[in-house]
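Colleague: Handing you a structure now.
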Protein chains: 2
Amino acid sequence: MVGQRQTVAFLGPKASYTHQATLECFDESVYDFAPQISIEDVFQAVQSDAAHRGVVPFENSTNGSVVFTLDLFADLPNRYPDILVCGEVYIGVNHCLLGHAQKLAVTVSSGSGSPESSGRATPTTSAPNPAVPRTVPLMDLKHVKKLYSHPQAWGQCKTFLSGYLKGVERQDVSSTSKAAELVAQDTGGTSAAISSRIAAKIHHLDLLASGIEDFPDNTTRFFVLRKASADASAQSSDSENHIDTNMDEDMSRYKTLVSFTVDHNDPGALAESLAVFKPYKLNLTSINARPSGIVPWNYIFFVEIKGRRLEKDGAVNAALKDLGDTAKGWRWLGSWKSEL
Amino acid sequence: MVGQRQTVAFLGPKASYTHQATLECFDESVYDFAPQISIEDVFQAVQSDAAHRGVVPFENSTNGSVVFTLDLFADLPNRYPDILVCGEVYIGVNHCLLGHAQKLAVTVSSGSGSPESSGRATPTTSAPNPAVPRTVPLMDLKHVKKLYSHPQAWGQCKTFLSGYLKGVERQDVSSTSKAAELVAQDTGGTSAAISSRIAAKIHHLDLLASGIEDFPDNTTRFFVLRKASADASAQSSDSENHIDTNMDEDMSRYKTLVSFTVDHNDPGALAESLAVFKPYKLNLTSINARPSGIVPWNYIFFVEIKGRRLEKDGAVNAALKDLGDTAKGWRWLGSWKSEL
């Protein structure tokens, strides 16, 4: 590996939140950064060995799971059989409204954020009360006729949008940074993007409002992906994970992701499958369901447990063996060091 | 009630899939139909007594849960404390591509659907293989530069879209019927909508392709809503539900929806809460998690069980009592007659 630069694929473009997450885990002076157009492209890059690692969004604290990522882990067409999670990273998401300041409006310098500078009077509050916007615009927004953003962002800024931009046309684009790029190209100046502060700088846009997310501690969790067969001992700053032989480490410092399906004709199978972790004191921290993709109203379930899969024996292997008895099928999707 | 017409609120506009679901349950000659702009408007109409019943989409067999509906059941701001599910209905979703036939292209009569009529050659298959589109366009699609649809529809037509309309700009709108309406207004003729066959008729659009969903048995499940305090014995064709005193009915013919939260500091609580139904032979058929909306990485869980809540005693009440010991909070969201 010496002398050969490794590639990290991530959901791009540059200045995206996933880019920020990637910078948290990987040193740009050591790795080649390869932004991808879609989450699936990141899975593909890691599966095909085009990239050593991949970084994808997994869930947001306000908006829930990223179903596109879950469906790629479900992997009905068996395109990504070797993808494993080997690390996680949490990035605070502070959404801003970027656009073109209205020429005639009295504008204030971006960043002041004082309620007095608002074009429309609305009480502010820092409490997480989704009925009242947490922030006010830094300038008048009457000229904004069209909004661009990633679908997840609408759900994270509901209160601000319904308070100040109700009824304004929305267009989904592939990323919040793509949204900023499109608004920068708008010569009419009537469009705006929900994007990041860094995107405002890159695309020379005005900050029309900042901190517009419903909840001030809005955070997105990203997963670092590796290939099961890949060299897990390569030097890198991500929390490396191979099936470990060391049982001494505190299991609660690790997390494990497992997917399983159950026989739909045996409805007790779901409860039984969820119960297999308890006897081994593997705490269930999260659960998700997605359509199985084969038969309507059959699901693939994802559970996250506290604990780490060792090379042999150990609590996780014992629980997975029991899961084999209750579930129709299951797949270990990785164990990694918890960052929360 | 005699002589007074009751109102049914549903997610509109006219010709939407929810409208079709509403027609399945309610007789238009008996009820006033009130289309609503958003799912929340339907909840609001029922909670405020503006409507006797409401109809909302809950999940799709390909695309999974409708998170907007789940979040309204989670009801963090406590706006809809009296909403209960009292019925369900399943509607087959056959998505079509509607637009303006290209004037110069050789078009075929809509409905023929023979592979030979395609402008682009691609093998067809009726098997649910998401890698290959199930259908081919009825005419050339090269002129299509912009697509309109409801966000859920993109996820249900992935294979057709990536096969024939890759990279074409997409705009989210509030419903598939709204998408058809916008395309009908497009004088340039370069836009198209993913919508229903009935919407093509209403808006005088050409059928560019039909059956473009990934899975041929793509079905959406709708819930009928009532208010907890409302007169549950009013005459109507929906599967009425009040807390019943009759224990003789076969419990497996009913379903019950329950939400609960657990103490995040007691990670065993989730597994314990999921286990309360088993001793009472109440089969767990589905599970969902959404962010609690209060503390990041805390969730509200939704479980669906086979069984019916009776006025007192009975298996469901016993299990809910046990849930009270393991969960931080829980809420019964209704029991209804299963239609599947």
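Read-outs: derived from the displayed coordinates by stated rules, not from any lab. Since this is a predicted model, take the numbers as computed values, not measurements. With ideal geometry, Cβ positions are generated from the backbone for all residues, glycine too; neighbour counts draw on all protein chains shown.
Colleague: How far, in nm to one decimal, is B:Phe68 from itself in the other copies if the label point is set 7 angstrom along Cα toward Cβ? Shortest first, please.
Modeller: B:Phe68 label point versus its equivalents elsewhere: 2.0 nm.
Colleague: From the label point of A:Ala228, set 7 Å from Cα along Cα→Cβ, how far away are the matching label points in the other copies, in nm, ordered shortest to longest?
Modeller: From this label point to the equivalent ones elsewhere in the assembly: 4.7 nm.
Colleague: If amide hydrogens are placed 1.01 Å from N in the peptide plane, which non-local residues have theirs closer than 5 Å to the one on B:Gln6?
Modeller: Amide H neighbours of B:Gln6, under 5 Å, 5+ apart: B:Asp32.
Colleague: Over the range B:243-340, calculate the relative contact order: mean separation of alpha carbon pairs under 8 Å at least 6 apart, over the residue count, as a percent.
Modeller: Result for the range B:243-340 is 44 percent.
Colleague: Here's another thing I want to ask about it. Once the piece of chain linking A:Asn298 and A:Ala318 is laid out straight, how much longer is it, given 0.36 nm per residue of separation minus the C-alpha distance between them?
Modeller: Answer, rounded to one decimal: 4.6 nm.
Colleague: Which ordering of B:Arg309, B:Arg53, B:Arg5 is given by a fewest-first count of other beta-carbon atoms within 10 Å?
Modeller: So the residues, fewest neighbours to most, are B:Arg5, B:Arg309, B:Arg53.
Colleague: Mind listing the Cα extents of the range B:159-200 along all three principal axes, in Å, largest one first?
Modeller: 25, 22, 17 Å, listed from the longest principal axis down.
Colleague: Could you check the simple spin-label distance between B:Asp325 and B:Thr187, using points 7 Å along Cα→Cβ, in nm with one decimal?
Modeller: 7.2 nm
Colleague: Can you tell me how much longer the chain between A:Arg5 and A:Arg79 gets when fully stretched, taken as 0.36 nm per residue apart minus their C-alpha distance, in nm with one decimal?
Modeller: 24.0 nm
Colleague: At B:Ser48, label 7 Å along Cα→Cβ: distances to the other copies, nm, ascending?
Modeller: 5.3
Colleague: Further question: How many Cβ atoms of partner chains, on average, are near each residue of A:148-158 if near means within 10 Å of its Cβ?
Modeller: 1
Colleague: Further, regarding this structure: Using the Cβ atoms and a cut-off under 10 Å, what net charge is assigned to the surroundings of B:Leu340, where Lys and Arg are +1 and Asp and Glu are -1?
Modeller: Net charge in that neighbourhood comes out at 0.
Colleague: Still on this structure, please answer the following. Count, for each residue of A:261-274, the Cβ atoms from other chains sitting within 10 Å of its Cβ, then give me the mean as a whole number.
Modeller: If you average over the peptide's residues, the count of other-chain Cβ atoms is 4.
Colleague: Which order do the peptides A:266-275, B:293-302, B:260-269, A:58-67 take when ranked by the mean count of other beta-carbon atoms within 10 Å per residue, highest first?
Modeller: Ranking the peptides A:266-275, B:293-302, B:260-269, A:58-67 by packing returns A:58-67, A:266-275, B:293-302, B:260-269.
Colleague: Pop out the ³J(HN,Hα) list for the range A:59-66 in order, Karplus 6.51 cos²θ - 1.76 cosθ + 1.60 with θ = phi - 60°, rounded to Hz; leave Gly and Pro as x.
Modeller: 7, 10, 5, 9, 9, x, 5, 8
Colleague: Then there is this: For every other residue with a beta carbon closer than 9 angstrom to the beta carbon of B:Asp214, add +1 if it is Lys or Arg and -1 if Asp or Glu, then tell me the sum.
Modeller: After counting each charged neighbour, the total is +1.
Colleague: If you don't mind, another one. For every other residue with a beta carbon closer than 13 angstrom to the beta carbon of B:Val262, add +1 if it is Lys or Arg and -1 if Asp or Glu, then tell me the sum.
Modeller: Around B:Val262, the charge tally is -3.
Colleague: Oh, and also: Enumerate the calculated ³J(HN,Hα) couplings along the range A:176-186 in order (Karplus 6.51 cos²θ - 1.76 cosθ + 1.60, θ = phi - 60°), each rounded to whole Hz, writing x wherever the residue is Gly or Pro.
Modeller: Here the 3J(HN,Hα) series is 5, 6, 4, 4, 5, 4, 5, 5, 5, 7, 7 Hz.
Colleague: Describe numerically, in nm with one decimal, the distance between label points set 7 Å from Cα along Cα→Cβ at A:Glu311 and at A:Val168.
Modeller: Here the modelled spin labels are 5.8 nm apart.
Colleague: Would you mind listing how long the range B:243-340 runs along its three principal axes, going by Cα atoms, in whole Å with the largest first?
Modeller: 43, 25, 19
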